[in-house]
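Chemist: Attaching a single structure in structure tokens format; questions to follow.
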Amino acid sequence: MPLELAKPSPLWWEDVPIGPARPPLTEDARADVAIVGAGFTGLWTAYYLKRLEPDLDVVVLEREHVGFGASGRNGGWCHPEYPLGLATLAFRHGREAALRFQLAALDAVSEVGRVCEAEGVDCRYELGGRFIAARSPLQAERARADVEEQHALGLGEEDVRYLDAAEAGGLSGMSNVLGGSFMPQAAALQPALLVHGLARACERLGVRLFEATEATAVEAGAVRFRSRGATGAVRARTVLRATEGYTRDLPGERRTLIPLYSLMVATEPLPDDVARSVGFEKRQVFADYGHMVIYGQRTADGRVTLGGRGAPYHYGSAIRPDFDQDDVVHGHLARLLVELFPQLTGVRITHKWGGPLGVPRDWRPSVTYERATGLGHAGGYVGDGVALSNLAGRTLAELVLERASERTDLPWVHHRWPAWEPEPLRYVGVNAGLWLTRSADRQEARTGRPSARAKIGNRLRGKVA
């Protein structure tokens, strides 16, 4: 199948309702807690609020439908990665605080599985682990250094380990694999099934969830909204924002998080012999040690999905449906899939899609709640939000209810984001950074030596330690 014939919507949406399945809110309302955004962060927060305080009246407002944003489009990696790496946390907050965060994130991977089992959410969760491949001698050096750094910060061989070429080859059918790192505590899942199942679990607990209801302002004591020509307000003593890449639509938040697009492709279900040759029999999620991020998994129905960054940042933090399709990036992903797995030559690409991630200026996620105003938010995961949103939602619920725990003083709590630069500076800087990152991989492949372009590109995009 030519790539242009692939279905231009997320594979994951084949299994869930598309479009609003719940009525909008059309009149003023009151609640104890109002949450804006029915993705992972908003729904995990609502879930834990009701688990901790069953009598609490919680309302969730969603402009589109449950899981419309990154929560229903992502790569299905439930893994414990901090976007800038564990060493960044240790540098800024000390080794002990960084290790506590990492252990909490590792537990969040298990917590997602525990909640799915308890609530009957079949999101094809499989705890197979995470493999990051080294496909050149330079990447092998990077993999060894990565594992050694994590061990120095307190993780053990049981948490993350280096694989030599033979071990990596036994795990994966990737081409040109010289080694890599492996972390057992990571799961593959179907993200749209998770977010929709979580929404139903929230509703069973008594959460009131309204779709097709756009928040027009978030302020102390109220969320103002519009829907079907009606306008109104939800008045609540606690108001929480969980809007990620769409935060830029709210008054005063234009430079808080920028939307960066990540795109994906999915193959048809593979014949058994081809699937065996791909490897990853326990559905280990996979990537490589290149500078431009890629991510993949084998799905429960026998496909291979592959995603990656590299789509341009759009001027003024623009978000449009047509940005979900990019012939250049989708074409690169289709070619890369065959480069990684030559045995997939001739296999049809059936779906291609994309969507925006929420990226703070310093690439550091945050969980914040101000008791004086009753305002809070969580997010900024830069694409690592499947497990971290669980940890964030659980933490935000505890902060709201003043339940001190091992999570409520983690180093991302009350982290304040610097604002992104005004246009056209951020347009030039972010896209120059993306170009330099892509070119760093090409230069390293050509020379076999580390490229300074990656470091410069990261700095331009704000990705610095």
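Bear in mind these aren't lab numbers, they're just calculated from the coordinates by the rules spelled out. These figures come from a predicted structure and were not determined experimentally. Heads up, the Cβs are rebuilt from the backbone with ideal geometry, glycines too, and the neighbour counts pull from every protein chain shown.
Chemist: Which residue, chosen from Gly302, Thr88, Gln150, occupies the Cα position most advanced towards the positive end of the dipole of the chain, where the dipole is computed from +1 (Lys, Arg) and -1 (Asp, Glu) charges on Cβ about the Cα centre?
Modeler: Projecting each Cα onto the dipole axis, the largest value belongs to Thr88.
Chemist: Can you check what the net charge comes to around Glu203, using other residues whose Cβ is under 15 Å from the Cβ of Glu203 (Lys, Arg +1; Asp, Glu -1)?
Modeler: For residues surrounding Glu203, the net value is +2.
Chemist: Give the distance, in whole Å, between the Cα centre of the range 222-250 and the Cα centre of the range 129-194.
Modeler: 41
Chemist: Could you give the angle, 0 to 90 degrees to the nearest 10, between helix 40-52's Cα long axis and the longest principal axis of the Cα atoms of the chain?
Modeler: 50
Chemist: How far apart, in nanometres, would the label points at His93 and Asp28 be if each is projected 7 angstrom from Cα along the Cα-to-Cβ direction?
Modeler: In this crude label model, His93 to Asp28 measures out at 4.1 nm.
Chemist: Angle, helix 385-400 long axis vs. longest principal axis of the chain, Cα atoms, 0 to 90°, nearest 10?
Modeler: Taking the Cα atoms of the chain, the angle to 385-400 is about 30 degrees.
Chemist: At 0.36 nm per residue, and after removing the present C-alpha to C-alpha distance, how many nm does the segment from Glu53 to Arg226 gain when stretched out fully? Before the final figure, lay out the partial values.
Modeler: Details: separation 173, 0.36 × 173 = 62.28 nm, distance 2.89 nm.
Gain in length upon complete extension: 59.4 nm.
Chemist: Let me ask something else about it. So how strong a dipole does the chain carry about its Cα centre when Lys and Arg Cβ are +1 and Asp and Glu Cβ are -1, to the nearest 20 debye? Show your work: numbers first, answer last.
Modeler: On the way: 56 positive and 57 negative charges, 235 e Å.
Result for the chain is approximately 1120 debye, rounded to the nearest 20.
Chemist: Please report the antiparallel percentage of the DSSP beta bridges confined to the range 275-423, to the nearest 5.
Modeler: Working: 11 of 12 bridges.
Antiparallel: roughly 90 percent of the beta bridges in the range 275-423.
Chemist: Let me ask something else about it. In whole percent, what relative contact order does the chain give with Cα contacts below 8 Å and a gap of six or more residues? Before the final figure, lay out the partial values.
Modeler: On the way: 1087 pairs, mean separation 107.0, N = 465.
Reported as a whole number, the value is 23 percent.
Chemist: Return the long-range amide H neighbours of Gly179 (sequence gap of 5 or more, or a different chain), with a cut-off of under 5 Å between placed amide H atoms.
Modeler: Excluding prolines and chain starts, which carry no amide H, the hits are Ala134.
Chemist: Can you tell me the Rg and the Dmax, both Å, for the Cα atoms in the chain?
Modeler: 21.2, 63
Chemist: Also, I was wondering about something else. For every other residue with a beta carbon closer than 14 angstrom to the beta carbon of Ala21, add +1 if it is Lys or Arg and -1 if Asp or Glu, then tell me the sum. The partial results should precede the final answer.
Modeler: Details: positive: Arg22, Arg200; negative: Asp15, Glu62, Glu64, Glu203, Glu211.
Computed value for this residue: -3.
Chemist: Full-extension gain between Ala165 and Arg403, please, as 0.36 nm times their residue separation minus the C-alpha to C-alpha distance. All intermediate terms of the calculation are to be shown ahead of the outcome.
Modeler: Values: separation 238, 0.36 × 238 = 85.68 nm, distance 4.73 nm.
Between Ala165 and Arg403, full extension yields an extra 81.0 nm.
Chemist: Please give the net charge around Thr247, taking every other residue with its beta carbon less than 13 angstrom from that of Thr247, where Lys and Arg add +1 and Asp and Glu add -1.
Modeler: Details: positive: Arg63, Arg241, Arg248, Arg254, Arg255, Arg361; negative: Glu244, Asp249, Glu253.
Computed value for this residue: +3.
Chemist: Simple spin-label model, 7 Å along Cα-to-Cβ: Ser9 to Ser277 in nm?
Modeler: For the pair Ser9/Ser277, the computed spacing is 3.3 nm.
Chemist: Let me ask something else about it. Can you give me the long-range amide H partners of Ile258? Hydrogens built in the peptide plane at 1.01 Å from N, cutoff under 5 Å, separation of 5 or more residues or another chain.
Modeler: Amide H neighbours of Ile258: Val359.
Chemist: With everything on Cα atoms, drop me the angle between helix 95-119 and the longest principal axis of the chain, reported from 0 to 90° to the nearest 10.
Modeler: Long axis of 95-119 versus the principal axis of the chain: about 70 degrees.
Chemist: Could you tell me what percent of the DSSP beta bridges with both partners in the chain are antiparallel, to the nearest 5? If you can, show how the numbers build up before the last one.
Modeler: Working: 50 of 73 bridges.
Rounded to the nearest five, the antiparallel share is 70 percent.
Chemist: Going by C-beta contacts inside 10 Å, put His332, His196 in order with the fewest on the left.
Modeler: Details: His332 19, His196 25.
Final ranking by Cβ density, sparse to dense: His332, His196.
Chemist: Starting with the fewest neighbours, write out Thr350, Thr243, Thr216 ranked by other beta-carbon atoms found within 10 Å of each beta-carbon. Mind showing how you got there, number by number?
Modeler: On the way: Thr350 17, Thr243 27, Thr216 14.
Least crowded to most crowded, the residues run Thr216, Thr350, Thr243.
Chemist: Next up: For Ser175, Ser262, what's the fewest-to-most ordering of other Cβ within 10 Å of each Cβ? Don't skip to the answer; put the middle values down first.
Modeler: Values: Ser175 13, Ser262 25.
Sorted ascending by nearby Cβ count, the order is Ser175, Ser262.
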